[in-house]
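Contents: one structure, followed by commentary.
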């Protein structure tokens, strides 16, 4: 029995909440737009260490299955202080490398900016 448990532990892959494919700068694209906003103020940068930066908002991020979860740690000067510690969850589908189709209340796409 212990051999079976040991084999299961060896073949199990640990969950990676900060996948490499998500690291970098991503631009938002509304459903009615042709190009993502990679030069303006609608970009978010996701670091390997699990931090994100959106405008002057800073927080932590993780991926769980088909959900991108961002938790605000510093809402910035223009942000709402009540958002500190709040999590924003976006359900997504990876359409292709560098493109996430976002579903829910604010649908659109996150597209990895090529200037990374």
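Among the residues of the stretch 102-113, which ones are touching a strand residue (DSSP E or B) at 6+ places or on another chain (Cβ under 6 Å) and surrounded by fewer than 16 Cβ atoms within 10 Å (Cβ to Cβ)? Listed by number, the residues that qualify are 103, 104. Candidates 74, 56: the one that is surrounded by fewer than 13 Cβ atoms within 10 Å (Cβ to Cβ) and touching a strand residue (DSSP E or B) at 6+ places or on another chain (Cβ under 9 Å) is 56. Note on the stretch 35-49: residues that are surrounded by 14 or more Cβ atoms within 10 Å (Cβ to Cβ) and within 24 Å of residue 81 (Cα to Cα) amount to 6.
Restricting attention to the stretch 35-78, the residues that are touching a helix residue (DSSP H, G or I) at 6+ places or on another chain (Cβ under 9 Å), part of a strand (DSSP E or B) and at pLDDT below 95 total 1.
Across the stretch 22-34, the number of residues qualifying as modelled with pLDDT under 95 and either exposed (fewer than 13 other Cβ atoms within 10 Å of the Cβ) or part of a loop (DSSP other than H, G, I, E, B) (or both) comes to 5.
The values are calculated or read from the model by the stated rules, or taken from the named source; none is laboratory data. Bear in mind the structure is a predicted one, so any value in this text is a computation, not a measurement. With ideal geometry, Cβ positions are generated from the backbone for all residues, glycine too; neighbour counts draw on all protein chains shown.
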